[in-house]
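As structure tokens, the structure follows; a few thoughts come after it.
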Amino acid sequence: MRRVPIYLPIVAGLLFAQTPPNTPKADLLWADGAPGAQGTQEEDKPTLAAYLVPQGRGAGTAVIVCPGGSYVHLSMDKEGDQIARWLNSIGVAAFVLKYRLGPKYRHPVELGDAQRAIRTVRYKAAEFRVLPDRIGIMGFSAGGHLASTAGTHFDAGNANAADPIDRLASRPDFLVLVYPVISFTTPYTHRGSLRALLGDQPDPKLVENLSNELQVTAQTPPTFLFHTTTDTTVPPENSALFYLALRKAGVPAEMHIYERGPHGVGLAQTDEALSTWPGRLADWLRGRGLLNSAGR
């Protein structure tokens, strides 16, 4: 009788997806209302949901997860909850960010939400059992644009701020960009994300400022990129342009562009080839010492 091979990562992923634990409670990023809020509905309240690793099992590394959705909606399951649980499985604390969206909210509101998330996790590092210098940000599609914006537009914090969270730096320690929107000035631009974030007739200088391959410097954090060649929604040139800019600036980077696969695959649990990309990310994190136990 012919034996049929079982692809264990796919099977494990499917079983894992069918029996998820309870979803953590999402906490407000600003307890007294977010700056620039235009109302009091859920869409006006950015939140952060903490998926923590049990004490003694974590690496001390944290990742803020930015789901995609063209800056008009959020893929909170495939690019949020599922990603956070996978990060937990390798000992990494995860924090799923619900950021505000266009067309109601424009830049710099989304960036402000991401920066607040980074500062919050850094401020509460001891409570979350993570290290303040092991805080990365991970983004998918438009969330990848937000993550790359956080990695190219950051500050050292305001030492005189009344809120102690605002005194901390917003620079992430590393980036993970998954089929990201990057460029706003080339033929590879995802027009829907650009329009939702900046409007129909944005200032050309602002468009250039948020074309993040043009904003890479030696201070941009080390970066992991994943894309597919056949992604027709956000072309892989977005990742390639960012990688080349990182290389030119001398920033450590690793990029994996798979031959086949559509946009928005998430963990790609049912695809034998694409489902290997999280393993490549784990290898990269391990190689950078981010999966080593930090005694937390």
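Read-outs: derived from the displayed coordinates by stated rules, not from any lab. Because the structure is predicted, anything quoted here is derived from the model rather than measured. Cβ: placed from backbone, ideal geometry, glycine included. Neighbour counts: every protein chain shown.
For the reader, a short list of remarks on this structure follows.
- Per-residue HN-Hα couplings for the range 144-153 [Karplus 6.51, -1.76, 1.60; θ = phi - 60°; Hz; x = Gly/Pro]: x, 5, 4, 5, 5, 5, 4, x, 10, 9
- Relative contact order computed over the range 27-287 (Cα-Cα under 8 Å; 6+ residues apart), in percent: 16
- Working from label points 7 Å from Cα in the Cα-to-Cβ sense, the residue 22 to residue 133 distance is 3.7 nm.
- Calculated FRET efficiency for the pair residue 57/residue 77, C-beta based, R₀ 22 Å, to 0.05: 0.35
- By the rule of a C-alpha distance below 17 Å, with chain neighbours fewer than 8 residues away ignored, the lysines paired with residue 25 are 45, 98, 124.
- Annotation: average projected area of the range 27-287 is 13.4 square nanometres, based on the convex hull of Cα atoms across all directions.
- Derived value for the range 84-235: Kirkwood hydrodynamic radius 16.1 Å. Basis is the mean of 1/r over every pair of different alpha-carbon atoms.
- Surface/4 of the Cα convex hull for the range 61-104, nm²: 2.8
- A straight chain from residue 260 to residue 32 at 0.36 nm per residue would run longer than the Cα-Cα distance by 77.5 nm.
- Contour minus Cα-Cα distance for residue 280 and residue 167 (0.36 nm per residue): 37.2 nm
- P(r) tail for the range 162-209: Cα pairs beyond 13 Å make up 69% of the total.
- Euclidean distance between Cα centres, the range 21-44 to the range 139-213, Å: 20
- When the Gaussian network model of the chain links Cα atoms closer than 10 Å, the mean-square fluctuations of 79, 272, 110 top out at 272.
- Value at 222 nm in deg cm²/dmol, rounded to 500, when DSSP H runs of n ≥ 4 in the chain each add -39,500 (n - 2.57): -8500 deg cm²/dmol
- Cα-centre dipole for the chain with unit charges at Cβ (Lys and Arg positive, Asp and Glu negative), debye to 20: 680
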